[in-house]
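The values are calculated or read from the model by the stated rules, or taken from the named source; none is laboratory data. All figures in this text were calculated on a predicted structure; none of them were measured in a lab. Every residue, glycine as well, gets a Cβ built from its backbone with ideal geometry; the counts of neighbours run over all protein chains shown.
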Amino acid sequence: MDAGSFDKKIPLYQKVKDHIISHIQSGQWKPGFQIPSENELTQSQNMSRMTIHRALRELTADGWLMRVQGAGTFVAEPRPQSAVLAIKSIAEEVRSRNGQYGNEVMLLEQEQASAYIAGVMELELNAPVYHSIIIHKENGTPIQLEDRFINPASAPDYLDQDFRDITPYDYLVQVASLDNAEHTIFAIAPEEKQAELLQISTSTPCLLLKRRTWSEGQTVTYAKLIHPGDRYSLGGTFQG
């Protein structure tokens, strides 16, 4: 059997899936990237819309894509690994080292959910969300940049809090009965604005922790936590 005859036995929808997965795995399509529409894929792949629809449906079920009603289809965040990372309050961690905790609130406001945030938080497009950006410090030195989105239904008084007195994590634990979370960790180089807020250069290696948290099946919060690699370490446990 030659390669050509073998290729003909591959279902058309699988060829579409392989095409999309190759773009994701190569890094050409990153998490949050809006992929071409079904109509565009139908034309570019020269296949029926039914074939394209099946491929997208299966890729969504497998966690490669996320579909947002009224907005389109986007590359999903990587699924979490088996490692269990117990995240404590950043303030608690600093104080456990006998350090002096402090923070600076850069943003605290209500916004409309973008297509990406709506997909990640399982909300409708343009639904209201709370958005906070906070720099956490140890002895005056930035150790974490927290960029967090909150579902108002889970923490309606979030915008009224003074986060100089309580961290978002501590507040959400109190009001939202958090019961499930997932995380992914990346090694990154910070963007220019991120480096400026963390008082580091753009060449400084950083750890990026992306974390989603639920309460009774409802997404409460989605956070991106950036840590300068030379100022912070993450630890966890592994369960087989």
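Among the residues of segment 149-164, is there at least one that is part of a loop (DSSP other than H, G, I, E, B), in contact (Cβ under 8 Å) with a residue 60 or more places away in the chain, under 13 Å from Val105 (Cα atoms) and among the charged types (D, E, K, R)?
So the first thing to find is which residues in segment 149-164 are part of a loop (DSSP other than H, G, I, E, B), and the list is 151-157, 161-164.
Okay, now just the ones that are also in contact (Cβ under 8 Å) with a residue 60 or more places away in the chain, so 151, 153-155, 163-164.
From the residues that got through so far, the ones that are under 13 Å from Val105 (Cα atoms) too are 163-164.
Cutting the leftovers down to among the charged types (D, E, K, R) gives us 164.
Yes - at least one qualifying residue is present in segment 149-164.
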- request: Name the single residue, out of those in segment 48-73 being within 16 Å of the chain's Cα centre (by Cα) and aliphatic (A, V, I, L, M), that is nearest to Lys17 (Cα to Cα).
  value: Leu65
query: Has segment 171-184 got at least one residue that is in contact (Cβ under 8 Å) with a residue 24 or more places away in the chain and more than 19 Å from Lys88 (Cβ to Cβ)?
result: no
- prompt: With respect to the numbered conditions (1) outside any strand (DSSP E or B); (2) touching a residue at least 60 places away in the same chain (Cβ under 8 Å); (3) over 16 Å from the mean Cα position of the chain (by Cα), which one is the sole condition not fulfilled by Pro142?
  reply: (1)
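Would you check if Gly119 is farther than 30 Å from Asp62 by Cβ, buried (at least 16 other Cβ atoms within 10 Å of the Cβ) and either in contact with a His (Cβ under 8 Å, 6 or more places away or on another chain) or modelled with pLDDT of 85 or more (or both)? Lay out the reasoning, then the answer.
Values: farther than 30 Å from Asp62 by Cβ: no; buried (at least 16 other Cβ atoms within 10 Å of the Cβ): yes; either in contact with a His (Cβ under 8 Å, 6 or more places away or on another chain) or modelled with pLDDT of 85 or more (or both): yes.
It is false that Gly119 is farther than 30 Å from Asp62 by Cβ, buried (at least 16 other Cβ atoms within 10 Å of the Cβ) and either in contact with a His (Cβ under 8 Å, 6 or more places away or on another chain) or modelled with pLDDT of 85 or more (or both).
Suppose we filter segment 219-228 for residues that are in contact with a helix residue (DSSP H, G or I) (Cβ under 9 Å, 6 or more places away or on another chain) and surrounded by fewer than 20 Cβ atoms within 10 Å (Cβ to Cβ); how many remain? Outline the logic, then answer.
Step one: list which residues in segment 219-228 are in contact with a helix residue (DSSP H, G or I) (Cβ under 9 Å, 6 or more places away or on another chain), which gives 219-223, 225-228.
Now narrow it down to the ones that are surrounded by fewer than 20 Cβ atoms within 10 Å (Cβ to Cβ): 219.
Of the residues in segment 219-228, 1 are in contact with a helix residue (DSSP H, G or I) (Cβ under 9 Å, 6 or more places away or on another chain) and surrounded by fewer than 20 Cβ atoms within 10 Å (Cβ to Cβ).
Can you go through Gln43, Gln34 and tell me which one is among the polar types (S, T, N, Q), surrounded by fewer than 17 Cβ atoms within 10 Å (Cβ to Cβ), closer than 16 Å to Glu77 by Cβ and out of contact with any Asp or Glu (no Cβ under 8 Å at 6 or more places or on another chain)? Walk me through how you get there before you give the answer.
Numbers: Gln43 fails: closer than 16 Å to Glu77 by Cβ.
Only one candidate qualifies: Gln34.
Hey, among Arg211, Arg231, which residue is in a strand (DSSP E or B), basic (Lys, Arg) and either touching a Ser or Thr at 6+ places or on another chain (Cβ under 6 Å) or surrounded by 13 or more Cβ atoms within 10 Å (Cβ to Cβ) (or both)? Don't jump to the end; show me each part of the working.
Values: Arg231 fails: in a strand (DSSP E or B).
Criteria check complete, one pass: Arg211.
For segment 21-133, which fully contained strands (runs of 3 or more DSSP E) count at least 2 residues that are touching a residue at least 40 places away in the same chain (Cβ under 8 Å) and among the polar types (S, T, N, Q)? Step through it out loud before you land on a result.
Values: elements: 65-68, 72-75, 101-112.
Where strands (runs of 3 or more DSSP E) fall fully within segment 21-133 and carry at least 2 residues being touching a residue at least 40 places away in the same chain (Cβ under 8 Å) and among the polar types (S, T, N, Q), they are 101-112.
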